[in-house]
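Scroll down for the structure; my scribbles are underneath it.
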């Protein structure tokens, strides 16, 4: 086991440190976030720091980098209050990763990468047609983090699209079945395989495996 | 593709809705968080909503449920400013899941589940000895989310322990190699397998695979 102090980490080259610190906190929920600006120009960007905040109300948060590093998604959400979150699958992984390139504000990542915008009546922002699990969000609050100028964007889930076959009898969505990917660090993408599901843990009982 | 509106989701039984909404946002970074109270009594709890906030300074955040649902970790961190985050592996997955049971404040989840506390000179809170990737944190800020009384706990990484073999030449930590798990929903745990790593995306280039 190797021990690194934060002083050593600080002394590292920024790319080495970026890879190391980005991966040390574990696998992430990588997804594509779709938005539009005030003139309805679409934007699409890959985000990996997505958290479940609560089921009732159904809230999801994501971390947006500092405004100068990642301005378009954030300003579009500020202006329209609307965005979509779209899972990523192996079939279009390269295109999804390519949305992380710095395109100009007037350039659409849909056009540049070849992913297809899917417009619906009830959501201003476009979905990604190729994605098998997608949901629309209504902005609740943008919380700036003073430590490093990132933002926690808090949103409420509105409409959800998911293949029926993936929804199990107890409501669990089998994302391995639909091939939603996880990510690690800045640039690693992973498939998953279920080890186990467990029953609700009780203080006076041994853990029980659920039928998976 | 099935379409669910938020009105339908709200009408569901709370367990079904909890499973569905907890899994729809994707795979998560599940870890055990170790703390102590003011009398140095250890506490250990499983958390799955962990985000990377930044590499310089090295900041990690996690979401803590409302205080009445999950009081011990939060109040220990408020009192001591110190906590550890420990990855979970297949070898002790049942014990890790069992820490989610509601034990009384005076009961130690280490004792109850059979996981081993590992005390070090430079960190007040205990690590989990069985964990192959662990890091200590210094509290920066606790941000309450007014939408549902959850909290974003922002901390700075202090000391990191990781097997040398997992750290690649560019700093990337190969968590598949050490068997760190991901989670889905409230109770699903997953192994991962690498699909690809990609070079930094550029607006005028096609995506390039890195040697994995």
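Tabulated values for the structure
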item: Residue tally, condition more than 7 Å from chain A (Cβ to nearest Cβ) and surrounded by 20 or more Cβ atoms within 10 Å (Cβ to Cβ), over region B:152-161; result: 2
item: Tally, over region A:156-183, of residues that are farther than 19 Å from residue A:93 by Cα, touching a helix residue (DSSP H, G or I) at 6+ places or on another chain (Cβ under 8 Å) and part of a strand (DSSP E or B); result: 7
item: Condition broken by residue A:62, with the remaining ones in (1) more than 7 Å from every other protein chain (Cβ to nearest Cβ); (2) touching a strand residue (DSSP E or B) at 6+ places or on another chain (Cβ under 8 Å); (3) part of a loop (DSSP other than H, G, I, E, B) satisfied; result: (3)
item: Residue that is assigned to a strand (DSSP E or B) and more than 16 Å from the chain's Cα centre (by Cα), where the choices are B:147, B:140; result: B:140
item: Residue that is more than 26 Å from residue A:106 (Cα to Cα) and touching a residue at least 24 places away in the same chain (Cβ under 8 Å), where the choices are A:54, A:26; result: A:26
item: Residue among B:105, B:132 that alone is touching a helix residue (DSSP H, G or I) at 6+ places or on another chain (Cβ under 7 Å) and more than 30 Å from residue A:192 (Cα to Cα); result: B:105
item: Matching option when the condition is at pLDDT below 95, out of contact with any helix residue (DSSP H, G or I) (no Cβ under 9 Å at 6 or more places or on another chain) and either under 21 Å from residue B:181 (Cβ atoms) or at the interface with chain A (Cβ under 7 Å from one of its Cβ atoms) (or both), among B:25, B:29, B:70; result: B:70
item: Yes/no for residue B:81 being at pLDDT 95 or above, surrounded by fewer than 20 Cβ atoms within 10 Å (Cβ to Cβ) and touching a strand residue (DSSP E or B) at 6+ places or on another chain (Cβ under 9 Å); result: yes
item: Residue, surrounded by the fewest Cβ atoms within 10 Å (Cβ to Cβ), within region A:162-185, restricted to residues that are closer than 27 Å to residue A:19 by Cβ and more than 8 Å from every other protein chain (Cβ to nearest Cβ); result: A:179
item: Residue match in region A:187-209 (condition: touching a residue at least 12 places away in the same chain (Cβ under 8 Å), more than 7 Å from chain B (Cβ to nearest Cβ) and closer than 28 Å to residue B:98 by Cβ); result: yes
item: Extreme residue, farthest from the chain's Cα centre (by Cα), among residues of region B:98-111 that are more than 13 Å from residue B:48 (Cα to Cα) and either in contact (Cβ under 8 Å) with a residue 24 or more places away in the chain or outside any loop (DSSP other than H, G, I, E, B) (or both); result: B:106
item: Number of the exception - residue A:67 against (1) surrounded by fewer than 21 Cβ atoms within 10 Å (Cβ to Cβ); (2) touching a strand residue (DSSP E or B) at 6+ places or on another chain (Cβ under 7 Å); (3) touching a residue at least 60 places away in the same chain (Cβ under 8 Å); result: (2)
item: Region A:112-129 - residue that is within 12 Å of chain B (Cβ to nearest Cβ) and not in a strand (DSSP E or B) and, of those, nearest to residue B:209 (Cα to Cα); result: A:113
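Each row is one residue, and each column tells you yes or no for (1) under 13 Å from the mean Cα position of the chain (by Cα); (2) more than 24 Å from residue B:28 (Cα to Cα); (3) assigned to a loop (DSSP other than H, G, I, E, B).
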site	(1), (2), (3)
A:38	no, yes, yes
A:43	no, yes, no
A:46	yes, no, no
A:51	yes, no, no
A:54	no, no, no
A:73	yes, no, no
A:76	no, yes, no
A:93	no, no, no
A:96	yes, no, no
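The values are calculated or read from the model by the stated rules, or taken from the named source; none is laboratory data. Quick caveat, the model's predicted, so the values are computed rather than measured. As a convention, Cβ positions derive from the backbone with ideal geometry for all residues, glycine included, and neighbour counts pool all protein chains shown.
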